[in-house]
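See structure below.
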Amino acid sequence: MHARKRAVKTQMSIRNTIGMSDNSDKNRVREAVNLVELINEFVPLKESGREWIGICPFHDDHKPSMHVVVHKQEAFYKCFSCGAYGDCFEFIIQYLKKDFVDALHFLAEREGIELTGNQSDEGLSSRGKMSRAMQWVSTLYVEAMHSTPEGKNALEQLHARGFTDESIEKFSIGIAPDGWTFLTDKLQNNKERIEVAIEAGLLRKNEEKNRTYDTFRHRIMFPIHDESNATIAFGGRRLREEDEPKYINSTETILFHKSKTLYGYNHANSSIREQKKVIVVEGYTDVIACHQAGITNVVATLGTSLTSNHADKLSRVCNEVILVFDGDNAGQLAADRAIEVFFRKNIDVHICVLPDGKDPADLASDVSKFNDCISNAVDALTFKFNRLNSSLQDETTIAGKSNLIDSFLNEMARLGVEHLDSSRKPFIYERIASILHVPIEEVSKELRSRRPTQSKPNKSQEVLEESPALAASIPRARQLAEHEFLAVLLFNPTESSAALREAKAIISVSDFLDPSSVAIADYILPKLQAGTLFTMNDLIEGIDAKSENIATTLYFVGQRISGTYNSVSLALQMTRNALSNSIEKQAINDEIKNVKNESNSEEKTRAAQRAIENIRRQQTAKRSS
Ligand SMILES: [Zn+2]
């Protein structure tokens, strides 16, 4: 107990001295929790060098794959086998299958911390400031709903579509009035708050005229909340039919990542957990109509198909997902994507295709009809099998049939049927066998022979090799050089920051090509250069999920490299040189490619001259820096 109190104190004082503490409930609780002690209560941990290791509870682990880092101000865990990672909240959310709010209360109680429910302005992080701005704007939009002519019009439209005042209030629907400066005017030239509003995507800047204007104008505003009920973004629907586009969504910010967010989850969450079932629809108004009709386990994706982040989140709180689509082709494609995402999760996926172009909002008014549709939803694989069956029936030639079967089997193999757990695999083999009229052994043999070269899915490796389209255009050596340099920065921000500033090293985000490197660099470089520090947990909250996973892996890479050179600054210098060389090599290759691509011989000579000049210039620049 005493040791724990001491550890807590050290963690907090480090945070305070580097001025990064904010007073939100979340941060106070996170600072108080000793992560090793917390995890050790559920999973025995052993000390190993700088870290603690244990058997990962999130996959079928035999030798300890989970590493827990509590070093300097860091406190996070990472599994090298299944890729699970996070802070104390994430651990409780995953291990005890709680949602964020419950995890917060659970840990606050454990640490004897009284939750205040709000944040003080003093020392508020940039997330805190943005969050506060979002909340303030949401209130303004709701007020405008009841005090402007546009609001009156919006209310009439919503009532005409059957929405009650109660629903409008529950979902905090508001209005962005007509005009360019509704928010700008309210901000009364407060520079700092204007900056925050720009960052939050609420305002845009006209650089030429040096003026700001509102992003959302003359639109019905649907605030989007995170699971702790904080406003993190907006969706704006046009009020006049002639305005384009129909919907405008907030851009992604440090608070808002589309791939992680589900609209309505804050209202649906307890019902989802009670029923162990979630219904996923496609639009805001579908969610609201369903909730109004008393169907409360309904959420929507935000203009994306379901991602593996969504699937992770949902598989923690329920064991059945019903995806509702209207019957067009886009729906079928979205269904395919969703099947892929859910395939390896331990969760049943059902597909519900609505009849004759109806959307959920149309159907929700007749609850029994809606429920009929939902209960007729077929499981995702049956959905796929049915489609294969009907295409087989439509296909008259034997060659055509065999092509269909061939591509179906390829897809099954690609999805990884071979790696499914033993409770699901036989079922799927049986289904395939009965459709193709062949023995089960034959199916198993076929699928094995089509097995994708990459065997067992290894999440951390998978992530490092992902982003196929872009990654293909980035040489592997370049990606590696970027990652290794960032790794050292991530492992020891304090020393890296000092070393970078001392060396007056100029590194910019534009030095990076790999999308995840760009996301990480964009977050950490300004902080390192300014000497304001960050922890892995800060970073995790500020970037997209794929980059998070890479960043947590890179921490350990950075640890290894720093260990090899026995010095952070030397490790930094070496990885920085490797990156510079890689950048230079690529620049030369690009120039050569330009020359090669030129067919006209005069142009070719000129391109070659330009290339030589460019390469020289770069080398001079490098020598002088
Ligand atoms: Zn694991």
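The values are calculated or read from the model by the stated rules, or taken from the named source; none is laboratory data. Source: prediction; values computed, not measured. No Cβ is skipped: glycine too gets one built from the backbone with ideal geometry, and neighbour counts run over all protein chains shown.
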Q: Scan the stretch 379-395 and report the pairs whose first residue is surrounded by 18 or more Cβ atoms within 10 Å (Cβ to Cβ) and whose second residue is outside any helix (DSSP H, G or I), with Cβ atoms within less than 7 Å and a gap of 6+ or a chain change.
A: Ala380/Val349; Ala380/His350; Ala380/Ile351; Phe383/Ile351
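Could you tell me whether Leu323 is hydrophobic (A, V, I, L, M, F, W, C), under 29 Å from Phe163 (Cα atoms) and touching a Lys or Arg at 6+ places or on another chain (Cβ under 7 Å)?
Working: hydrophobic (A, V, I, L, M, F, W, C): yes; under 29 Å from Phe163 (Cα atoms): yes; touching a Lys or Arg at 6+ places or on another chain (Cβ under 7 Å): no.
No.
Scan the stretch 82-92 residue by residue and report those that are part of a helix (DSSP H, G or I) and either away from the ligand (no atom under 16 Å from the Cβ) or crowded, with 23+ Cβ neighbours inside 10 Å (or both).
As a first pass, look at the stretch 82-92 and keep what is part of a helix (DSSP H, G or I): 88-92.
Correct list: Cys88, Phe89, Phe91, Ile92.
Does at least one position in the stretch 68-81 carry a residue that is farther than 28 Å from Glu274 by Cα, among the small types (Gly, Ala, Ser) and either in a helix (DSSP H, G or I) or within 12 Å of the ligand (Cβ to nearest atom) (or both)?
yes
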Q: Could you list, in sequence order, all residues of the stretch 499-539 that are more than 27 Å from the chain's Cα centre (by Cα), touching a residue at least 24 places away in the same chain (Cβ under 8 Å) and in a helix (DSSP H, G or I)?
A: Ala499, Leu500, Arg501
Q) If you go through the stretch 541-559 one residue at a time, how many are surrounded by fewer than 21 Cβ atoms within 10 Å (Cβ to Cβ), at pLDDT below 90 and in a helix (DSSP H, G or I)? A) 3
Q. Out of all the residues in the stretch 383-404, is one or more closer than 25 Å to Leu323 by Cα, under 31 Å from the mean Cα position of the chain (by Cα) and among the hydrophobic types (A, V, I, L, M, F, W, C)?
A. yes
Q: Hey, can you tell me all the residues within the stretch 349-361 that are buried (at least 18 other Cβ atoms within 10 Å of the Cβ) and either touching a Lys or Arg at 6+ places or on another chain (Cβ under 8 Å) or of a type outside the set (A, V, I, L, M, F, W, C) (or both)?
A: His350, Pro360, Ala361
Q | Of all residues in the stretch 406-418 being of a type outside the set (Asp, Glu) and surrounded by fewer than 18 Cβ atoms within 10 Å (Cβ to Cβ), the one that is nearest to the chain's Cα centre (by Cα) | A | Arg414
Q) What number of residues in the stretch 29-59 are away from the ligand (no atom under 16 Å from the Cβ), part of a loop (DSSP other than H, G, I, E, B) and of a type in the set (A, V, I, L, M)? A) 1
**Q.** Single unsatisfied condition, Leu363 versus (1) part of a helix (DSSP H, G or I); (2) at pLDDT 80 or above; (3) aliphatic (A, V, I, L, M)
**A.** (2)
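So if I check each of Lys129, Lys98, which one is over 23 Å from Phe534 (Cα atoms) and either more than 16 Å from the ligand (Cβ to nearest atom) or modelled with pLDDT of 85 or more (or both)?
On the way: Lys129 fails: over 23 Å from Phe534 (Cα atoms).
Only one candidate qualifies: Lys98.
Listed here are the residues, each with its yes/no results for (1) at positive phi; (2) of a type outside the set (Gly, Ala, Ser); (3) modelled with pLDDT under 85.
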position: Thr296; (1), (2), (3): no, yes, no
position: Thr301; (1), (2), (3): no, yes, no
position: Asn309; (1), (2), (3): no, yes, yes
position: Gly327; (1), (2), (3): no, no, yes
position: Ala334; (1), (2), (3): no, no, yes
position: Ala338; (1), (2), (3): no, no, yes
position: Val341; (1), (2), (3): no, yes, yes
Q.
For Glu242, only one of the following conditions fails: (1) of a type outside the set (Lys, Arg); (2) closer than 22 Å to Ile220 by Cβ; (3) buried (at least 19 other Cβ atoms within 10 Å of the Cβ). What is its number?
A. (3)
Q: Would you mind finding the one in Ala3, Ala7 that is away from the ligand (no atom under 16 Å from the Cβ), loosely packed, with under 12 Cβ neighbours inside 10 Å, at pLDDT below 90 and more than 24 Å from Ser126 (Cα to Cα)?
A: Ala3
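Please state which one of Glu114, Glu143 is surrounded by fewer than 21 Cβ atoms within 10 Å (Cβ to Cβ) and at pLDDT below 95. Break it down into steps so the answer makes sense when it comes.
On the way: Glu143 fails: at pLDDT below 95.
So the residue among Glu114, Glu143 that is surrounded by fewer than 21 Cβ atoms within 10 Å (Cβ to Cβ) and at pLDDT below 95 is Glu114.
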(Q) Tell me the residue from Glu442, Glu430 that is at pLDDT 85 or above and either surrounded by fewer than 13 Cβ atoms within 10 Å (Cβ to Cβ) or assigned by TED's automatic domain parsing to the domain that holds Phe556 (or both), please. (A) Glu430
